[in-house]
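All of the numbers you see were taken from the coordinates with simple rules; none came from a lab. Values in this document were obtained by computation on a predicted structure and should not be read as measured data. Positions of Cβ are generated from backbone atoms using ideal geometry, with glycine treated the same way; all protein chains shown enter the neighbour counts.
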Amino acid sequence: MYKVGIITASDKGSIGQREDLSGLIIKDLVTEYGYVVADYIVLPDDLDIIHSKLVEMSDIQNIDLILTTGGTGFSQRDNTPEATKKAILREAPGICEAIRAYSLTITPRAMLSRAISGIRNKTLIVNLPGSPKAVKESLDYALDSINHGLEILIGDASECAR
């Protein structure tokens, strides 16, 4: 199946002051879906560090899907969308728009998400929320469609398939 990279953006998590529950939930869900987790890392909320890891996972590790968690809010240290914008070559806004729309049926605070999604070469990058509950809800909702997007991106399916 597809190779997945997981990046958790968390200053406290990167120095061991907070357990990364969201990244572990992503790991469990994608593994259940049949994906192989090729890389999983907790990084500080630093734009350049996150960007560098996104590029490495795409260009060097040839990872098919990168899922990030954390760093998509309003804090001055929330840099994940900016790092992602810097890394992607093509936008895929519908993924995060759909996740936000679904999440709004659960909580009005979903409107505060700045998450984005896009494509770098043959890698799909999707920003997910930082909370474990929101990560699970988002992936449960979107993973089947993300999988179909990967089939199209990598060439395993027709774009017209439904």
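Which of Gly34, Gly71, Gly130 ends up with the largest GNM mean-square fluctuation for the chain, with Cα atoms connected below 10 Å?
Gly34
So what are the stretch 3-153's ellipsoid semi-axes, whole angstrom, largest first, if each one is the square root of 5 times an eigenvalue of the alpha-carbon gyration tensor?
Working from the Cα gyration tensor, I get semi-axes of 19, 18, 15 Å.
Only four residue types carry charge here, +1 at the Cβ of Lys and Arg and -1 at the Cβ of Asp and Glu. Report the dipole size of the chain about the Cα centre in Debye, rounded to the nearest 20.
Computed charge dipole of the chain: roughly 320 debye.
Amide H neighbours of Leu128 under 5 Å, counting only residues 5+ apart in sequence or on other chains, H built in-plane at 1.01 Å?
Residues meeting the criterion, in which the H sits 1.01 Å from N, are Thr68, Thr69, Gly70.
Only helices at least 20 Å long along their axis, Cα-based, and averaging -1.0 or more on Kyte-Doolittle count here, so list those DSSP H runs from the chain.
132-154
Just from its helices, what would the mean residue ellipticity at 222 nm be for the chain, if runs of 4 or more DSSP H residues each count -39500 (n - 2.57) and the sum is divided by every residue, rounded to the nearest 500 deg cm²/dmol?
That calculation yields -13000 deg cm²/dmol at 222 nm.
Considering only the chain, what is the antiparallel percent among its DSSP beta bridges, to the nearest 5?
For the chain, the DSSP antiparallel bridge percentage is about 25.
Measure up Lys3/Lys85; Lys27/Lys85; Lys53/Lys122 against 19 Å on the Cα-Cα distance and list the ones that go over.
Over 19 Å apart, Cα to Cα: Lys3/Lys85; Lys27/Lys85.
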